[in-house]
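Step one of this worksheet: look at the structure below.
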Amino acid sequence: MVVDERAKVVTVTIDGRMVKVKDGCTVLEAARQAGIYVPTLCYHPSLSPYGACRLCIVEIENMRGFPTACTTPVTDGMVIRTDSAQLRELRKNIFELILAEHPKQCVTCAKNLRCELQEVASRIGVEEVTLPPIRKDLPVYRDSPFFDRDYNLCVLCGRCVRVCQEVRGVGAIAFVYRGSRALVGTAFDKTLQDSGCQFCGACVDICPTGALLDRESKWSGLPDKSVVTICPYCGVGCQLSLEVKAGRVVRSVPVYDESSVNKGQACVKGRFGIAEFVHHPERLSSPLMRKDGKLVETSWEAALGFVAEVLSRHKGDEFAFIASAKCTNEENYLAQKFTRAVMGTNNVDHCARL
Amino acid sequence: MTFTEIQKRAAAEWEKLQKSLRPRILVGAGTCGKAAGAGAVLKAIDEFLARQGVGATVIQVGCMGLCYAEPMIGVIKPGRPQVIYGSVQPETVGQLLSDYLMNDNPRPDLALGYIGDGKVDGIPNLFDLTVLKPQVRLVLRNCGLIDPENIDHYIANGGYSGLFKALSMSPEAIIEEIKKSGLRGRGGAGFPTGQKWEFCRRAPGTEKYIVCNADEGDPGAFMNRSLLEGDPHSVLEGMVIGAYAIGANHGYIYCRAEYPLALERLRLALKQMEEYGLIGDNILGSGFNFHIKIKEGAGAFVCGEETALLASIEGKRGMPRPRPPFPAISGLWGKPTNINNVETWANVALILQKGAEWYAQYGTERSKGTKTFALVGKVERTGLIEVPLGITLRQIIYDIGGGILKGKKFKAVQTGGPSGGCLPASLLDSPVDYESLTAAGSIMGSGGMIVADEDTCMVDLTRYFLTFTQAESCGKCPPCRVGTRQMLDILTRIVQGQGKSGDIEQLERIATTVKQGSLCGLGQTAPNPVLTTLRYFRDEYQAHIEEKRCPALVCKELITFYILPDKCQGCMICMRNCPVEAINGGRRLVHVIDQSKCIKCGTCLDICPTRFSAVVKVSGERIEVPSEPVPVQKAEGSAQD
Amino acid sequence: MLNYVTDCFSKEPRLSDELAQIVAEYGGEKGALIPILQKVQERYGYLSEEAVSRIAKLCRMSQSEVFGVASFYAQFYFTRRGRHSIKVCLGTACHVRGGERILDEVKRELGVESGGTTDDNRFSLERVACFGSCALAPVVVIDKDVYGRMTVSRAKEILAQYE
């Protein structure tokens, strides 16, 4: 977290260390700033604090019980402990309750090794669950063309529901029912399509477990490498991270980064439409020119040379330029400049108006 | 109209009623009274009056709290005190009225007592009865005595004089007065009310809200319902005073939809207040504006928790959120909000009417005033009671409640509903106040007090509470959502005779996790029934787990019914009444229960004539009986039916 | 014009008109969703798929969110209910005074589980947590009639009074 020089700064003590943090930030943000690990599940920086998973409980002097770090704002002089014997014991017991609701099939789970539950388990040190498992026996939903929903694996952290409502403003999914029957779902169990889902995949990206997973890349395992790039689909310029395995793009996920324009969000095309299109056998990778009624491959020089040669024979309103909404602002600027200054006409438009 | 004029008018109206030459008949027509048959009694009274041509005024009043004696009526003859009759039947009420109204026989044999000045021969003063003597009726002062649908009755009995006084005071002075009274939240947690108001008053912002929590969800509790039905104005007066002190212009009453009569009376009361200028814009010419909206709950116990209640008013799922921020800073729609329980608001009106010092004379050092309780379960005299804080459990159960039903043995008293605990006989002499109950592992709660006798199985009772909290958990945080389910599963196994060693320790571990780790008050207190019964009634758990025996003979899977061959006279009564035809036998043949068919409903035990008492219920033992019907050995008394 | 088009296509134009009227009564008041759902259920007996989706549109919410709110509260039903509703109270006082036995008897008599509706659509059965008539436990409420001090044999007689 960047400390704004002008904002009021307060000093808090976390695990015996004095830390200067921005007034109004949460105990969790303060701890993270100080490099202190506090386990979380329902917390996510792009969502408002929720305080449900109870893993980030801490002890704060002069406060009753065990407040959650993610929801408690700091005050000057606050003394916080994140790691007492009692906290460790309580966290372990709470986490065991979470695991009692979560099937123990890690080895055959597609999220294996990428799962946040596993990460938290190893940090908290839970080795064994002595409580009997609670099975939900829910069907796996395959109604979406892009991802599967297996709520048997869901821990009800609510990140998917909140990202859909708070960030995307869609609300295609919601918490339904209550208590031990509470689920993430839709009205009357309708399909996502019938519930207004735009298939942006934000829920999939934010899910800490294997409950929500891309269908295509489900079983591709850990990628060999990730390449950060700009989405080619439109002019917004979303940052995507392309996960590459054995030389092929297997999945594209939006980059969560304060400096990125999309801040961890993408649309259905950027999220689910990259891998297939990049490797599609019919994708054009070199220009084609029609010769004797047939399209044949040619070089960029030859193709552009031919276009320039033909254009030079025309002038003014004989010409019109249709640009693309997928182009960047800069590219479209050049397109209109070319149309007006070089070709001498105002006949310029773009595809999204057609 | 100025308030003095309103008061004058109300007093005149009340006076006219008191001095009326027509007899008055007061009928307790709260929900309880109606359930006990007050409707039929009312009809019978109307018919009697019409038939005899007797001129009398019939008034429906709220509940006096003597629920065991419902349906109740009060009869006032001009110049005489009111005579109260209990357990009135529609068939006999005509006779009663004709005796007293026409023949001047007040029927002491049917009367419970009289209320008011004067004497009636042979009838005691109602408030001298052991059920009422230890009680101090402050909050319930009007219940059962005035017509709750008539605002003039309330005003003539001092109503709204607290508000009138408050409007002449500064808000700070009112808060000071409430602080001085020592009033603590009656919703259960006991937070000092004055302090709570001060937080909200001092919170930045001009738009503030106050809320009356009437979502009385504890099973076994009905104090708020009775009060809203019997004296709605006392609650509303408190709310207007609070709003003025806090600086709120809008208020909500969040009331359970299961209380239709309370809702109806509230709506009517608000309309009457509007007519008198006691609510709305420029209240009593003070320039202060305050509006109240009623929100009906939709069936969720967790909405009694204040942050969940606010979410529900906002039209969302009633899921609690962590505090801070507290509602006093950021409540309804992010604005400072003060939430108090029905009974707290009713106390506020009284404190302003009579003064903090007067109020603080009741109660103990740290728990001032009175508390209403719904005294129910296995006591002789169930009812709604009001006692000064500091009274002992024994006084409540034995003096007011008249002891245990049918002379059985006391086992436990449960306070605080599903969030509270079960206290054993050894704690009967502890005082009822916030600190003592918490120290004993229970809580004051909103005022449910359920008495259990020797026939109540504590493991089964605990399982009952967990069934409730488990079903009412909102599902947001895992300790409550999963923890209550896990505890319920273990308890279910135990009562079914499938308990195993280690269960008690596992229960204790989960209970502690849920208590310490849950997000809201519901979760944090849900393990209290488990923890207190493990503390005080561990032997019952052990009997279930180790001996597969239910000492109270309650748990179906652990009990067996037998028909004793030396007592059965072959009368066939049980056989004919068995709902599943599990009893074999015939005339003068010893009956035999087919254990594979028996559903352990207990009908045979209830119905076997006491002169035979041939059916027994046992747990953990086997009684040798014939495998099929055999002729009855010898006649004992008369076996002819 | 647009309204005309949608009404032509709606299966039940009356439902849409009535719902719009109910929602309009609250004039965009904050937090009115639950009272609206209560009104709609009072009118139709339950919340149908179509009602939920129309209420969502009128309140400018997603239907999943509306369903999420409705399904949180025990009061709302999503299927048609029987002509009479039987609520057997299993509050604490009723529990210790034998409410469970009453419920068992009613279940057996009607051949229906709690939460269910009889095949002839005569009764819907429910167990509820408390009516606040604890002093008269055990309590059964049929439609708007409250029956206190219930016994197994009385339960049978009372059920017979409802057609």
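The values are calculated or read from the model by the stated rules, or taken from the named source; none is laboratory data. Everything quoted here is computed from the prediction, not taken from an experiment. Neighbour counts are summed over all protein chains in view; Cβ atoms, including those assigned to glycine, are modelled from backbone coordinates with ideal geometry. The area values use the complete protein model at the heavy-atom level, side chains included, leaving out ligands, DNA and RNA. Shrake-Rupley method; radii C 1.70, N 1.55, O 1.52, S 1.80 Å.
In table form, for the structure just shown:
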{"quantity": "Filter pass, residue B:298 being touching a strand residue (DSSP E or B) at 6+ places or on another chain (Cβ under 9 Å) and either aliphatic (A, V, I, L, M) or over 30 Å from residue C:75 (Cα atoms) (or both)", "calculated": "no"}
{"quantity": "Search result, residues across segment A:227-249 that are touching a residue at least 40 places away in the same chain (Cβ under 8 Å), within 19 Å of residue A:214 (Cβ to Cβ) and open to solvent by less than 30 Å² (accessible area, probe 1.4 Å)", "calculated": "A:231"}
{"quantity": "Filter result (over 18 Å from residue A:202 (Cβ atoms) and in a strand (DSSP E or B)) within segment A:224-241", "calculated": "A:225, A:226, A:227, A:228, A:229, A:230"}
{"quantity": "Every residue from segment B:7-26 that is within 21 Å of residue B:151 (Cβ to Cβ) and crowded, with 21+ Cβ neighbours inside 10 Å", "calculated": "B:10, B:26"}
{"quantity": "Test result for residue C:98, small (Gly, Ala, Ser), at negative phi and modelled with pLDDT under 90", "calculated": "no"}
{"quantity": "Unmet requirement for residue C:88, which otherwise passes all of (1) at pLDDT 85 or above; (2) over 29 Å from residue B:376 (Cβ atoms); (3) not acidic (Asp, Glu)", "calculated": "(2)"}
{"quantity": "Criterion: basic (Lys, Arg), under 23 Å from residue B:519 (Cα atoms) and more than 15 Å from the chain's Cα centre (by Cα) - qualifying residue of A:215, A:181", "calculated": "A:181"}
{"quantity": "Residue A:297 surrounded by 11 or more Cβ atoms within 10 Å (Cβ to Cβ) and outside the structural domain of residue A:166 (by TED's automatic domain parsing)", "calculated": "yes"}
{"quantity": "Candidates C:40, C:52, C:66 - the one that is closer than 19 Å to residue B:303 by Cα and either in contact (Cβ under 8 Å) with a residue 60 or more places away in the chain or assigned to a helix (DSSP H, G or I) (or both)", "calculated": "C:66"}
{"quantity": "Test: residue in segment A:253-267 that is under 27 Å from residue A:170 (Cα atoms), assigned to a loop (DSSP other than H, G, I, E, B), in contact with a Cys (Cβ under 6 Å, 6 or more places away or on another chain) and open to solvent by 40 Å² or more (accessible area, probe 1.4 Å)", "calculated": "yes"}
{"quantity": "Candidate set from segment B:578-621 (those that are among the basic types (Lys, Arg) and outside any strand (DSSP E or B)); member that is nearest to residue B:495 (Cα to Cα)", "calculated": "B:600"}
{"quantity": "Selection within segment C:97-137 - within 13 Å of chain B (Cβ to nearest Cβ), without any contact (Cβ under 8 Å) to a residue 40 or more places away in the chain and not small (Gly, Ala, Ser)", "calculated": "C:100, C:103, C:104, C:107, C:108, C:136"}
{"quantity": "Qualifying helices (runs of 4 or more DSSP H) (wholly inside segment B:125-243; at least 3 residues being modelled with pLDDT of 95 or more and open to solvent by 40 Å² or more (accessible area, probe 1.4 Å))", "calculated": "B:171-181, B:193-202"}
{"quantity": "Check on residue B:274, at pLDDT 95 or above, at negative phi, within 9 Å of chain C (Cβ to nearest Cβ) and open to solvent by 10 Å² or more (accessible area, probe 1.4 Å)", "calculated": "no"}
{"quantity": "Candidate set: segment B:50-74, residues that are free of Cβ contacts under 8 Å to residues at least 40 places away in the same chain and of a type in the set (A, V, I, L, M); chosen: the one surrounded by the fewest Cβ atoms within 10 Å (Cβ to Cβ)", "calculated": "B:50"}
{"quantity": "Given (1) more than 22 Å from residue C:34 (Cα to Cα); (2) at the interface with another protein chain (Cβ under 8 Å from one of its Cβ atoms); (3) of a type in the set (Lys, Arg), index of the condition residue B:321 fails", "calculated": "(1)"}
{"quantity": "Options B:425, B:412, B:439: the member that is away from chain A (no Cβ under 13 Å) and under 21 Å from the mean Cα position of the chain (by Cα)", "calculated": "B:412"}
{"quantity": "Only listed residue being open to solvent by 50 Å² or more (accessible area, probe 1.4 Å) and not assigned by TED's automatic domain parsing to the domain that holds residue A:54, chosen from A:143, A:150", "calculated": "A:143"}
{"quantity": "Some residue of segment A:204-223 being within 14 Å of chain B (Cβ to nearest Cβ), crowded, with 16+ Cβ neighbours inside 10 Å and touching a helix residue (DSSP H, G or I) at 6+ places or on another chain (Cβ under 8 Å)", "calculated": "yes"}
{"quantity": "Among the candidates B:39, B:79, B:94, residue that is open to solvent by 20 Å² or more (accessible area, probe 1.4 Å) and either of a type outside the set (Gly, Ala, Ser) or more than 26 Å from residue B:372 (Cβ to Cβ) (or both)", "calculated": "B:79"}
{"quantity": "Residues located in segment B:281-320, provided they are open to solvent by 10 Å² or more (accessible area, probe 1.4 Å) and without any contact (Cβ under 8 Å) to a residue 24 or more places away in the chain", "calculated": "B:281, B:282, B:287, B:311, B:314, B:316"}
{"quantity": "Single condition residue B:356 does not satisfy, out of (1) in contact with a strand residue (DSSP E or B) (Cβ under 8 Å, 6 or more places away or on another chain); (2) open to solvent by less than 30 Å² (accessible area, probe 1.4 Å)", "calculated": "(1)"}
{"quantity": "Candidate set from segment A:52-95 (those that are assigned to a loop (DSSP other than H, G, I, E, B) and of a type in the set (D, E, K, R)); member that is nearest to the other protein chains (Cβ to nearest Cβ)", "calculated": "A:54"}
{"quantity": "First in segment B:248-262 and modelled with pLDDT under 95, second anywhere and of a type in the set (Phe, Trp, Tyr), Cβ under 9 Å, 6 or more apart", "calculated": "B:258/C:131; B:259/B:222; B:259/C:131"}
{"quantity": "Qualifying residues in segment C:111-127 (those that are open to solvent by less than 40 Å² (accessible area, probe 1.4 Å) and at pLDDT below 90) - the one nearest to residue B:469 (Cα to Cα)", "calculated": "C:126"}
{"quantity": "The lone exception for residue B:516 - which of (1) under 23 Å from residue B:412 (Cα atoms); (2) part of a helix (DSSP H, G or I); (3) in contact with a strand residue (DSSP E or B) (Cβ under 9 Å, 6 or more places away or on another chain) it fails", "calculated": "(1)"}
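Every residue, every condition in (1) crowded, with 24+ Cβ neighbours inside 10 Å; (2) within 20 Å of residue B:529 (Cβ to Cβ); (3) out of contact with any Lys or Arg (no Cβ under 6 Å at 6 or more places or on another chain); (4) assigned by TED's automatic domain parsing to the domain that holds residue B:181, yes or no:
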residue: B:394; (1), (2), (3), (4): no, no, yes, no
residue: B:402; (1), (2), (3), (4): no, no, no, no
residue: B:408; (1), (2), (3), (4): no, no, yes, no
residue: B:419; (1), (2), (3), (4): yes, yes, yes, no
residue: B:430; (1), (2), (3), (4): no, yes, yes, no
residue: B:439; (1), (2), (3), (4): no, yes, yes, no
residue: B:444; (1), (2), (3), (4): yes, yes, yes, no
